[in-house]
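Undergrad: Dropping the structure in here first, questions after.
The values are calculated or read from the model by the stated rules, or taken from the named source; none is laboratory data. Worth saying up front: this structure is predicted, and the values here are computed from it rather than measured. When we count neighbours, we look across all protein chains shown, and the Cβ atoms used for this are built from the backbone with ideal geometry, even at glycine. The accessibility values were calculated without ligands, DNA or RNA, using every heavy atom of the protein model including side chains. Shrake-Rupley method; radii C 1.70, N 1.55, O 1.52, S 1.80 Å.
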Amino acid sequence: MRHLLGAIVAGTLAVPAAAQETINLTVASSHPTVVPWVGMIQTHFMARTDEILAESGNYEIEWNEAFGGQLYKANATLSSVEQGITDIGWVFSFLEQAELPLSQASSNAPFATSNPPVLLDTMQELLETNEAFRDEWESHNLVVLGLTATDLYDIYTKEPLTGIDDIDGMKLSAPGVLGSWLRGTGANAVDGALTTFYTDVQTGVSDGALTLALGALPIKLYEVAPYINRFDGGAAFSGAVAINRDTWDTLPEEVQNAMLEAGDYYTESHGIDLVERHEAALQAMVEAGANQSTPVQIVEMPEGETEKWVSKLPNIAADWAQPLEDRGIPANQFLADYMEGLRARGEDPARDWDKE
């Protein structure tokens, strides 16, 4: 009887622990996780969100992962998050020129910076302070969580180059807006993405690709384009990790705050990673391709060739901005804010696109 009474009293006084709520979310991308900024969605954004939520124990997320094009391809990254095909995904802004026009500013003002962390910091500030830029993303039913950029661009070819003049008459694969970097050089841009470059070069659709080391390494582009003609072209803003707004609105505030903090961590870590991995990726391709029929070779361009490339370009920034201005989109002001943001952080653009 004493034991029974004790059990009753204990049961009466015990305060039941709050049940942990499990939230199911789908996270997806068009590109595989071997692409560094996609892999970091797992290792940095998702992992950091889990860590933050574990501190209180109130919520946990059950992640349904669909990376590597399981749900959609590179030409549908924006619409797939917008429409809720995935809750969270990487939006590849390069291929969304019509829907995300201001996001193309850094790509249309090339060689303005070769410092990815500075670029990302500038774009983050613009997202917070420039209403037109923020609305550009939010109008697609999105909440931006983290930003992505590129490392530095080189030209990968089947035959070595001696300088920028050699690409005259060549067909070079390039993603979306980056095809404009070939204007004035005599080369023809073949629209594509990392997911298509290998096959395009292998089948002769293109003679090579304008791309970045961190993308070329995991897709083994060096197998079909073994000459890495090194120009160290500038970094560019490439998109964002975003969540569908309808999904966002269903999440508890604690989960939202955790994701925003994790998104900042992802952006900062991604910028540092781009710098650290760039040289390592170039060397990794040389080592991986050392025994193939045509060994991989880094071809250092003569001094001044990058500047020569920039000088060949028409005023692509003005060509980009004017049609947007005609539509009432403040592209010139956004370009000026972007360039001044870089200068304020100590950058010295190779060409003053905003002042021409």
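Undergrad: When the dipole is taken about the Cα centre of segment 241-356, and only Lys, Arg (+1) and Asp, Glu (-1) are charged at their Cβ, what size is it in debye, to the nearest 20?
TA: Details: 9 positive and 25 negative charges, 88 e Å.
Rounded to the nearest 20 debye, it is 420 debye.
Undergrad: Highest first, please rank the peptides 244-251, 289-296 by the mean number of other Cβ atoms sitting within 10 Å of their residues.
TA: With the highest mean Cβ count within 10 Å placed first, the list reads 244-251, 289-296.
Undergrad: For LYS308, list the aspartates and glutamates whose Cα falls under 14 Å from its own Cα; do not include residues on the same chain fewer than 8 positions away.
TA: ASP165, ASP166, ASP168, ASP232
Undergrad: If the elastic network links every pair of Cα atoms under 10 Å, which of SER139, SER56, SER106 fluctuates the most in the Gaussian network model of the chain?
TA: For the chain, modelled as a Gaussian network with Cα springs under 10 Å, the answer is SER56.
Undergrad: Report for the chain the percent antiparallel among DSSP-assigned beta bridges with both residues inside it, nearest 5.
TA: Taking every DSSP beta bridge with both residues in the chain, the antiparallel ones total about 50 percent.
Undergrad: Specify, per residue and in Å³, the volume enclosed by the convex hull of the alpha carbon atoms belonging to the chain.
TA: 165
Undergrad: Okay, next question. Springs between alpha-carbon atoms under 10 Å, Gaussian network over the chain: tell me which of ASP166, ASP50, ASP200 tops the mean-square fluctuations.
TA: ASP166
Undergrad: Which angle between 0 and 90 degrees, to the nearest 10, do you get for helix 47-56 versus the longest principal axis of the chain when only C-alpha atoms count?
TA: 20
Undergrad: Roughly how big is the chain's charge dipole about its Cα centre, with Cβ charges of +1 (Lys, Arg) and -1 (Asp, Glu), in debye to the nearest 20?
TA: Once rounded to the nearest 20, the dipole reads 760 debye.
Undergrad: Could I ask something else about it? Too long at a 23 Å Cα-Cα cut-off: which of LYS171/LYS312; LYS73/LYS312; LYS73/LYS220; LYS158/LYS220; LYS73/LYS158? Display every interim value, and only then the final one.
TA: Working: LYS171/LYS312 17 Å; LYS73/LYS312 34 Å; LYS73/LYS220 19 Å; LYS158/LYS220 14 Å; LYS73/LYS158 27 Å.
Among LYS171/LYS312; LYS73/LYS312; LYS73/LYS220; LYS158/LYS220; LYS73/LYS158, the Cα-Cα distance tops 23 Å for LYS73/LYS312; LYS73/LYS158.
Undergrad: Which of ALA149, ALA74, ALA66 moves the most in a Gaussian network model of the chain with Cα springs under 10 Å?
TA: Looking only at ALA149, ALA74, ALA66, the largest GNM fluctuation is found for ALA66.
Undergrad: Give me the dipole magnitude in Debye, nearest 20, for segment 99-194 about the Cα centre, with unit charges on the beta carbon: positive for Lys and Arg, negative for Asp and Glu.
TA: My answer is approximately 280 debye.
Undergrad: Report, in degrees rounded to the nearest 10, the 0 to 90 angle that the Cα long axis of helix 2-13 makes with the longest principal axis of the chain.
TA: Its long axis makes an angle of about 50 degrees.
Undergrad: Given a 1.4 Å probe, how much area per residue of segment 101-253 is accessible, in Å²?
TA: 29
Undergrad: Taking the 0 to 90 degree range and rounding to the nearest ten, how far is the long axis of helix 194-203 tilted relative to the main principal axis of the chain, both from C-alpha atoms?
TA: The answer is roughly 40 degrees.
Undergrad: Another question, if that's okay. For the chain, give the percent of accessible area contributed by carbon and sulfur heavy atoms, probe 1.4 Å, rounded to a whole number.
TA: Percent of accessible area from carbon and sulfur atoms in the chain: 48.
Undergrad: For ALA47 and VAL205, compute 0.36 nm times the residue count separating them, minus their Cα-Cα distance, and round to one decimal in nm.
TA: 52.9 nm
Undergrad: Positive end of the charge dipole of the chain (Lys, Arg +1 and Asp, Glu -1 on Cβ, about the Cα centre): tell me which of MET123, PHE133, ALA216 has its Cα farthest that way.
TA: Of the listed residues, the answer is ALA216.
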